[in-house]
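> The structure under discussion is supplied below as structure tokens; questions concerning it will follow.
Every number in this text was worked out from the coordinates using simple rules, so none of it is lab data. A quick note: this is a predicted structure, and the numbers were derived from the prediction, not measured. Using ideal geometry, Cβ is built from the backbone for each residue, glycine included, and neighbour counts are taken over all protein chains shown.
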Amino acid sequence: MFMSKKGHTLIECALALGILSVVLTGALGVFYRGALSDQSNQHEIMAMKACQEVMEQLAVMPINDLLAQNGVQFDFTAVKLDTPRIGSIQVTTISMSGTNKVYEIVVSVIHDGSEYAPFSAILTTRRSG
């Protein structure tokens, strides 16, 4: 008696489903990582814009007002997260020659990634006065 092969066995179907599930799980992981990366990049761009706005305000300040900004923190609200987004300003004297001083100004926003992927933006410039 000859057996005709008209379909697939249960083992063949189970094996095919197993291989398909492994491939799809890997592909979904790639898409998920891509989405997280895209979100992190968007947050970094917004953080950089916030730093740039603060830096532009500092650039036109008189030196005495600029020095008063050292250690000031600002709320960074462009990215809607559950935890506070805090930016900071640091002004330090890096060199003195006679009466002319050179100040380094650092404006930064750093988020540790407790809710989403971590992101940061740091701008540094120097100014004499």
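> Multiplying the sequence separation of residue 25 and residue 112 by 0.36 nm and subtracting their Cα-Cα distance, what value in nm do you get?
Using 0.36 nm per residue and subtracting the Cα-Cα distance, I get 28.5 nm.
> Something else about it: Would you work out which of 90, 24, 11 lies farthest towards the positive end of the dipole of the chain, given +1 charges on the beta-carbon of Lys and Arg and -1 on that of Asp and Glu, about the Cα centre?
11
> Helix 10-59 sits at what angle to the longest principal axis of the chain, using alpha carbons and giving 0 to 90 degrees rounded to 10?
Roughly 10 degrees between the two axes.
> For the chain, what does the alpha-carbon gyration tensor say about shape, rounded, prolate or oblate, given a ≥ b ≥ c as the root eigenvalues, a/c under 1.5 as rounded, and a/b over b/c as prolate? Mind dumping the intermediate values first?
Numbers: a/c = 6.27, a/b = 4.49, b/c = 1.40.
It is prolate, given that a/c is not under 1.5 and a/b is the larger ratio.
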